[in-house]
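Throughout, read-outs are computed from the coordinates displayed, never taken from laboratory work. No experiment lies behind these values; they were computed from the predicted model shown. Please note: Cβ atoms are built from the backbone with ideal geometry, for glycine as well, and neighbour counts cover all protein chains shown.
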Amino acid sequence: MSTDDAVLEQLPKLEEVFDPSSDEYCNNPIKQCMALMERGPFVFYEPWQAWVMTDIGDIMECWRKEYLSSDFYDWEFAPPRPHEDDWGNFEKALIGHSLVSDHDHHRLIRKVVSPAFSRNVVDEIQRRIEPDIDKLFDAMGSPKSFDYITEVAEHIPFITITRLIGVPEKYWDEIKPLLENFTETWNPTISEERREEVRQQCNRGIDMIKVVIEERRQSPQQDDFLSTMLDIEAKNEKFTEWDIITLVLALIGAGADTTLMAQQWSVYALTKHPDQRQPALESAETFSNAFSEIMRWSLNSKMGFARYAPEDMDVLGQRVRKGQLVLLMPHLCRMDPVKYPNPEVLDVKRNFDPDVQFGYGPRYCIGAAMAKRQLFLTITKLFERFPNIELAEEPERDSSNHNSIALKKLMLKTNV
């Protein structure tokens with residue numbers, strides 16, 4: 001037995017020192033994250049029946065080489081992969097879509113749709129959603145205090161995604177459950193009953209996306225995301241309607257739950273540290289860097305990025321069985337003083353090189369710039385409306401979210 005193995009044997013079981021569902025983790029995740037990192041670069045976590053990759057260099061290499069699968073149905077505990085004849089909307093999206101399809105098709109999709117995420121398009125989306133955000137603040141008026149989460153943050157993902165895609169307001173009620181629940185469908189920790197419930201909600205929501213696409217075929221709109229996608233479809237025979245649908249789902253997956261968390265933690269951080277507001281909000285570019293620092297400082301992640309072993313294989317010196325879950329957890333190092341000097345300090349000018357907040361390599365989130373822009377716009381509006389705003393109270397944290405530490409409320413005093 002090596003010295004390292006002997007030391008590990010004397011340590012308490014990993015589940016005794018690392019439990020992201022616990023109140024202890026919710027209130028102070030730093031100690032538990034560091035305890036997990038100290039176990040090594042690749043460790044097995046029994047409660048999740050998953051391997052955890054902890055080192056940022058290894059994670060970047062995994063993203064770059066793509067030697068693990070992103071396909072949920074490759075998971076050893078996934079329901080049986082249905083035959084293509086039995087696919088519903090959900091299966092067509094999850095099995096065949098460009099997020100988990102073969103690498104060549106994924107690269108094709110990224111190449112042909114990249115113009116739809118250009119700087120000009122992002123500027124146009126900001127112009128389109130700005131009146132809706134103004135309307136939110138106008139309806140609020142000038143209260144002495146308010147809960148930012150219920151009054152603002154919960155509305156932003158829905159406004160942004162529906163305006164971006166071009167979903168008519170008459171369909172908003174039917175699309176909304178899809179936005180709220182899609183990311184939960186591939187969470188490996190939920191019950192099968194809950195998975196089936198959200199699967200059916202997704203089936204209904206995708207039906208409505210099909211209706212919207214057909215309407216847009218009949219009446220294209222300039223600078224509308226769906227119209228742009230339909231133009232790409234007409235010019236590329238390998239790009240199909242299902243690629244359009246799954247890109248919409250990708251935007252939902254990246255922009256719904258994630259955006260809600262980003263909204264509350266960004267406002268909390270900049271309200272708690274008023275000296276950081278001006279350098280963070282100087283421009284969309286400065287906010288892009290500030291956002292990475294806010295997410296590092298908040299350390300609100302729980303699970304990371306799910307991957308699956310496509311075959312029996314060796315990973316970082318460990319034998320991994322086909323189908324086993326591997327979680328890439330780049331957030332674990334965010335409070336490591338070696339990588340981030342004075343990690344407890346919020347410094348929006350901190351340098352990130354590389355910045356892996358939205359992934360890395362071929363799987364880097366194609367909508368990252370769009371997500372940060374709507375966040376920048378909303379927070380800028382908040383501080384313009386209420387320049388003297390401050391925390392009314394320290395928010396209580398909520399451990400119930402499956403993927404992130406949330407805030408139960410974010411009460412702000414306007415001091416108007």
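Structure values in brief
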{"quantity": "Hull volume in cubic angstrom per residue (convex hull over the Cα atoms of segment 323-416)", "calculated": "169"}
{"quantity": "Computed over segment 202-305: relative contact order in percent, which uses C-alpha pairs under 8 Å that are six or more apart", "calculated": "16"}
{"quantity": "Over segment 250-356, relative contact order from alpha-carbon pairs under 8 Å, at least 6 apart, %", "calculated": "28"}
{"quantity": "Length-normalised contact order of the chain in % [C-alpha pairs under 8 Å, at least 6 apart]", "calculated": "25"}
{"quantity": "By average C-beta atoms within 10 angstrom, highest first, the peptides 133-142, 200-209", "calculated": "200-209, 133-142"}
{"quantity": "Across 238/322; 92/176; 92/302; 31/339; 170/408; 13/408, pairs whose alpha-carbon gap is larger than 23 Å", "calculated": "238/322; 92/302; 170/408; 13/408"}
{"quantity": "Loop-resident sites, segment 242-300, for chymotrypsin sites (Phe, Trp or Tyr not before Pro), counting at most 12 other Cβ within 10 Å (DSSP)", "calculated": "none"}
{"quantity": "Reachable lysines from residue 413, criterion Cα separation under 26 angstrom, eight or more residues apart if same chain", "calculated": "135, 144, 272, 372, 381"}
{"quantity": "Nearby aspartates and glutamates by direct alpha-carbon distance to residue 349 (threshold 17 angstrom, same-chain neighbours under 8 apart not counted)", "calculated": "275, 282, 285, 293"}
{"quantity": "Cα pair count fraction exceeding 39 Å, expressed as % - the chain", "calculated": "19"}
{"quantity": "Per DSSP, loop GluC sites (Glu not before Pro) in segment 193-296 with at most 16 further Cβ within 10 Å", "calculated": "237, 282"}
